[in-house]
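Single-structure report; data block below.
Derivation of every value follows stated rules applied to the coordinates shown; laboratory data play no part. Just so it is clear, the model here is predicted, and its values are computed rather than measured. Virtual Cβ from ideal backbone geometry, glycine too; neighbours counted across all protein chains shown.
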Amino acid sequence: MKYLTLILVFIGIAATVTAQIPDGFSYQAVVRENSGVLVKNQTISVKSSILRNEEVIFTQTQTATTNENGLLTLTLGNGEFQDINWLDGPLFIKTEIDLAGGNNFTIETETQLLAVPYAMAAKTAETAVNVVGFDDLIERIEDLETQVKELYFILGVPHEVAFEDYLLESTCLWNLQYDHPYSSESGSLIIINSVEDLKKYMECVDDKDYPDIDFSRQTLLLAHGWTVSSVLQRSTSLKQFSKQDYKMKVDITLGVATVLTNWHVSIIIDKLSDGSNIELIVLWDGQVIEK
């Protein structure tokens, strides 16, 4: 008797919603005898099936030749995946083999697909535009973006959060209680989720000068602190690691002048859910000062 050792190697895992997405994925399998001896340089028949709840939703039969290491490489799909909803899982792949190259499949193995649905979910984004009505289109795209983010989390990949820098109007000032500049704290973060909270930290000459933020859908993040030198520039990034865990990094490039300076970084992002945690990392000239 011989058995199959299956090693999945997927393509398209890092594809984005707007990138070119493959219409199939590749995987490899190693065929051995029960004694552990490799089945080398042999042409065999392979039947590959994708299952959901033990129901076969896709099947494909092809021939392949193992190499000198008993390894065979297959491409599954080849443009035939259009009707599969990769977001409706869990999905499994079953591989059956006939060592004689016929249709008498006597060797089989089954394993869960954990990564490929993300790439194929991005492919779904390409077909999502084929809808009637602009509002329906936007709703479906937003729903798909949420599902893709969730798949990022499943794969353990941090999601780079898109945000909009907010610059104060000339008639507005941040009204903040600063700690002593020589204290150990170099940066603080304030999460603002309402107009009332905003007015606690910002003063404007006229109400119309306050930023037009839809707090039902948006959150304003305000990072601030001190440096002992002039500030030449600031850069900010925000990554999301799970539904509620974020990491915000502020990198400050210092000038040569020795002068106490307070700095602010204010960004607008999609509404944070209750219980969200944001870790603030402050760097001065690339060196971590506060974490």
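Tabulated data
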{"quantity": "Ranked list, fewest to most other Cβ atoms within 10 Å of each Cβ, for 205, 161", "calculated": "205, 161"}
{"quantity": "Added length on full extension, which subtracts the Cα-Cα distance from 0.36 nm per residue, residue 235 to residue 65", "calculated": "55.9 nm"}
{"quantity": "Order by protection proxy (mean Cβ within 10 Å, highest first), peptides 246-253, 48-55", "calculated": "246-253, 48-55"}
{"quantity": "Orientation-averaged projected area, Cα convex hull of the range 215-276 (nm²)", "calculated": "4.7"}
{"quantity": "Cα-based Rg / Dmax (Å) for the range 164-290", "calculated": "14.9, 43"}
{"quantity": "Filter on 94/271; 208/239; 200/243; 199/239; 208/247 - keep pairs with C-alpha separation over 30 Å", "calculated": "94/271; 208/239; 208/247"}
